[in-house]
Amino acid sequence: VSWQLDWDSSRVSGVAAVDTIIRALAVDKRSLTAGTNTNASSETENAVPGDVTANNVPSYQFDVVPYITAIATPNRNSGGLKDNNIRSAGGRYSIIQGTDPTFISVTGFNLDPNAVRIVDSTTVGAGITSTSGVGLAYSGVDTATYRSFSLSNDSTASGYLEVFTNDIRSVNNVNDNDARGSYPDLNTPEELPNREPDRFETKNLTFTDDRYLRFFEMHDTGVKNGYYPEMLLDGDDPVFGYVDFTGGPNTNVGLAPGTGAGNYYGSYAMPQRARFDGGSGAELTTEYLIKASIWDQMGMARDDAGRFYHLSVYNRDNGGMSFIYDRYAELYADGKGWGTGIGFGGYDGSNSEDANNNSVTLETVNFGEGLLLGRYQNPRMAAIGDSTTSHAKVYMLYYDDNTTDRNLVFRNLRVGTDVTGGGTAALYSGGTSSTGDAYAQRANITDSNTSGRITAASDASRYFDMAVTDDFRVIIVYYDESAGRLKLRYSDGPVDGSSPTGAVTWIDSPITFPEYVGNYVSMTLDSNDGIHLSAYDGAEADLSYMFIDAYDSTTLNHVTVDSSFSVGLWTRIEVLENGGDIIPYIAYFNSSESGQRDSVKLAYSLSGVTSGNVPAGVENGFTTGEWEYLNVPAITPPQGGSLMFKQVNLDFDSNDRPVVGYLGTNLEFGGWIPE
């Protein structure tokens, strides 16, 4: 006789139970009719329960437990991610925090919860009860089959998802991911029953059936047109520099929340800097930096005293590029601080090229080869030192698209209280700075200065970055579109801002970078002046990471971090150093999901990077498990299809958590919630 028994575990009383007995009893039909050939009861046979090799096994004993087969967030309009994007390289689920009671869909079997808990990685192994960790509200249990229910996304912690049915715990997080069970012939880890390899979509063979929910607290700043955003964290509060074509309200200026741009053409105050509460996203203050009819580009840096530096372009005929120290237009009662270029008849306020103000005019859009709007692109800035007690060394690098040789232009200067010598310009005196004290600074550069334009590289493009070593050696990296690869140059000695018009000699690195890798390049230095680079691999549509242990090194370490779809645009790289480990973090854009809420991503190495250890996140097209990379659920679709997107911003809060910022419908920022 060949037969099969199908049984439904949901018929177990309470849906889940331990030590449940299943027995199949066969009876000879002739014994029922003729009273002959009576079989002995199977329960008298000498067999061991569960031993499938024995005949007439009397019974099998099971623990009937809850089990989660899938987690989904189908509400895409509220930040839900697609099934192919919801899991990180390490298998964790990215979920936006909110108040939707049915945001998370959980499927599996034996799911009739009496408790749903989030527990941390240190307690997941043992001792978990239905009161451990943090509770999540649940609803919508499918009482017909007990195969699904809904969860709220209102969680105060990230962690492992534990579902209790009849006080019996789901086994996903505690079963043996390497168990072979009844499959002794399976030899590769990805084929084991508690693993969930994805060979085709994400090409990740490391997935297991563990269920970890990483919740993200994302905030909408309410700034709708925050173009070219630059973000720095001040403690836990993000500060954005950006250009808003709407300008500001025609109300009184001030440092308090809700104050305006002054009652003189407030809508022309387009270059702005705003600080937001890191916990709520609420505006703490908005600084309206300078006025004119149309502005373009935004660079921002901050010195060791907390003072800010900006670079923006009055983008019309005769309009000039303005360097702004901390605050400018709002230092005047009516916000009368105007960019160099076209003004208004009878205007009696401050102009950028005037003396004794916090704005210094650089070259105009008509300089050199003549008028070209939009010529100055992607300004990068750095400020090192304290401008309130001595001086800050200020560095600028931007691409000039109206030069015959497609030049990168470099500038350097000093701003501070001890800047002396010829050619210095007094900045604003008195007033109230962003740090709450008064101004008493000078800059060693004059207005309408063009002699400070130093060509840092030719045959360049708008893809470049700059960094400064501890001994003030300037390093630049740029994508040479003619050669189809990155190039790296560095100054032959320290550049300290003491001679803004002095020549700088540049040395070309002997390193040959790989072909077609370098669009959307970003660079940062670690405390040893090791060079960390992120960029888009245009040949493979992947995210690349590169490490060079010194500016004059001859060795390049190059690996692929992420190859899930077309990834690696608008990159921003930073390093986190902890206990001697140097961990690179990369924020970037997935162009395959452009227009979706799935498009911002974050990656970080799971081990410290050294010249002898530069792990790859992807090899031969498959995830290695050496990097964690994940989707960040956005509130609205990030606008990565526009040049005004500029980058996915990245910084670390006071607890060393990564925080990303980007242009969606509004400026948005956020990071994951800790365990």
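Worth a mention:
- Considering only residues in the range 473-489 that are part of a loop (DSSP other than H, G, I, E, B) and more than 27 Å from Ser448 (Cα to Cα), the one that is most open to solvent (accessible area, probe 1.4 Å) turns out to be Glu481.
- In the range 267-276, the residue that is surrounded by the most Cβ atoms within 10 Å (Cβ to Cβ) out of those that are touching a Ser or Thr at 6+ places or on another chain (Cβ under 7 Å) and under 9 Å from Tyr288 (Cα atoms) is Pro271.
- Residue match in the range 443-463 (condition: at negative phi, surrounded by 14 or more Cβ atoms within 10 Å (Cβ to Cβ), aromatic (Phe, Trp, Tyr) and in a strand (DSSP E or B)): no
- Qualifying residue in the range 406-415 (condition: open to solvent by 10 Å² or more (accessible area, probe 1.4 Å) and under 28 Å from Ser433 (Cβ atoms)): yes
- Residue list for the range 640-675, restricted to those being assigned to a strand (DSSP E or B) and open to solvent by 50 Å² or more (accessible area, probe 1.4 Å): none
- Consider the range 366-405 and keep the residues that are of a type in the set (A, V, I, L, M, F, W, C) and out of contact with any strand residue (DSSP E or B) (no Cβ under 7 Å at 6 or more places or on another chain). The one that is surrounded by the most Cβ atoms within 10 Å (Cβ to Cβ) is Phe367.
- When the range 240-263 is filtered for residues that are more than 30 Å from the chain's Cα centre (by Cα) and crowded, with 22+ Cβ neighbours inside 10 Å, the ones remaining, listed by number, are Val253, Ala261, Gly262.
- Search result, residues across the range 1-24 that are in contact (Cβ under 8 Å) with a residue 24 or more places away in the chain and surrounded by 10 or more Cβ atoms within 10 Å (Cβ to Cβ): Ser9, Ser10, Val12, Gly14, Val15, Ala16, Ala17, Val18, Thr20, Ile21, Ile22, Arg23
- Counting the residues of the range 565-616 that are assigned to a loop (DSSP other than H, G, I, E, B), open to solvent by 40 Å² or more (accessible area, probe 1.4 Å) and of a type outside the set (Ser, Thr, Tyr) gives 8.
- Flag for Arg572 being within 21 Å of the chain's Cα centre (by Cα), among the basic types (Lys, Arg) and under 26 Å from Ser509 (Cβ atoms): yes
- Near pairs, Cβ below 9 angstrom, 6+ apart or cross-chain, from the range 345-356 (in contact (Cβ under 8 Å) with a residue 24 or more places away in the chain) to any residue that is in a strand (DSSP E or B) and open to solvent by 40 Å² or more (accessible area, probe 1.4 Å): Asn356/Tyr428; Asn356/Ser429
- Ser78 vs. criteria crowded, with 19+ Cβ neighbours inside 10 Å and hydroxyl-bearing (Ser, Thr, Tyr): no
- The set of residues in the range 390-422 being small (Gly, Ala, Ser) and either assigned to a strand (DSSP E or B) or within 22 Å of Asp465 (Cβ to Cβ) (or both) consists of Ala392, Gly416.
- So Gly335, is it buried (at least 24 other Cβ atoms within 10 Å of the Cβ), at pLDDT 95 or above and part of a loop (DSSP other than H, G, I, E, B): yes
- Residue, modelled with the lowest pLDDT, within the range 423-442, restricted to residues that are in a loop (DSSP other than H, G, I, E, B) and of a type outside the set (Gly, Ala, Ser): Thr424
- Within the set Thr156, Thr131, the sole residue that is over 25 Å from Asn84 (Cβ atoms), out of contact with any strand residue (DSSP E or B) (no Cβ under 7 Å at 6 or more places or on another chain) and in a loop (DSSP other than H, G, I, E, B) turns out to be Thr131.
Matching residues to (1) in contact with a strand residue (DSSP E or B) (Cβ under 6 Å, 6 or more places away or on another chain); (2) touching a residue at least 12 places away in the same chain (Cβ under 8 Å); (3) in a loop (DSSP other than H, G, I, E, B):
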residue	(1), (2), (3)
Ala89	yes, yes, yes
Ile95	yes, yes, no
Asp100	no, yes, yes
Ser105	yes, yes, no
Asn114	yes, yes, no
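- If you go through the range 424-442 and pick out every residue that is open to solvent by less than 30 Å² (accessible area, probe 1.4 Å) and aromatic (Phe, Trp, Tyr), you end up with 1.
- The set of residues in the range 98-110 being hydrophobic (A, V, I, L, M, F, W, C) and closer than 19 Å to Ile86 by Cβ consists of Phe103, Ile104, Val106.
- Subset of the range 490-521 [part of a strand (DSSP E or B) and either crowded, with 19+ Cβ neighbours inside 10 Å or within 25 Å of the chain's Cα centre (by Cα) (or both)]: Tyr490, Ser491, Val517, Gly518, Asn519, Tyr520, Val521
- Across the range 206-223, the qualifying residues are those that are open to solvent by less than 10 Å² (accessible area, probe 1.4 Å) and among the aromatic types (Phe, Trp, Tyr), and the one among them that is nearest to the chain's Cα centre (by Cα) is Phe216.
- Residue within the range 144-159 that is closer than 30 Å to Gly664 by Cα and in contact with a helix residue (DSSP H, G or I) (Cβ under 9 Å, 6 or more places away or on another chain) present: yes
- Matching residues in the range 285-316 - criterion: being open to solvent by less than 10 Å² (accessible area, probe 1.4 Å), under 15 Å from Asn358 (Cβ atoms) and hydroxyl-bearing (Ser, Thr, Tyr): Tyr309, Ser312
- Criterion: assigned to a strand (DSSP E or B) and of a type in the set (A, V, I, L, M, F, W, C) - qualifying residue of Val124, Val174, Val163: Val163
- Here Phe472 passes the criteria (1) on the phi > 0 side of the Ramachandran plot; (2) out of contact with any strand residue (DSSP E or B) (no Cβ under 7 Å at 6 or more places or on another chain); (3) of a type in the set (A, V, I, L, M, F, W, C) except the one numbered (2).
- Matching residues, the range 570-583, being under 18 Å from Asn649 (Cα atoms) and without any contact (Cβ under 8 Å) to a residue 60 or more places away in the chain: Val575, Ile583
- Residues considered: Thr554, Thr524. Of these, the only one that is open to solvent by 10 Å² or more (accessible area, probe 1.4 Å), out of contact with any Leu (no Cβ under 8 Å at 6 or more places or on another chain) and more than 19 Å from Gly608 (Cβ to Cβ) is Thr554.
The values are calculated or read from the model by the stated rules, or taken from the named source; none is laboratory data. Keep in mind that what you see is a predicted model, and the values were worked out from it rather than measured. No Cβ is skipped: glycine too gets one built from the backbone with ideal geometry, and neighbour counts run over all protein chains shown. Only protein heavy atoms, including side chains, enter the accessible area calculation; ligands, DNA and RNA are left aside. Shrake-Rupley method; radii C 1.70, N 1.55, O 1.52, S 1.80 Å.
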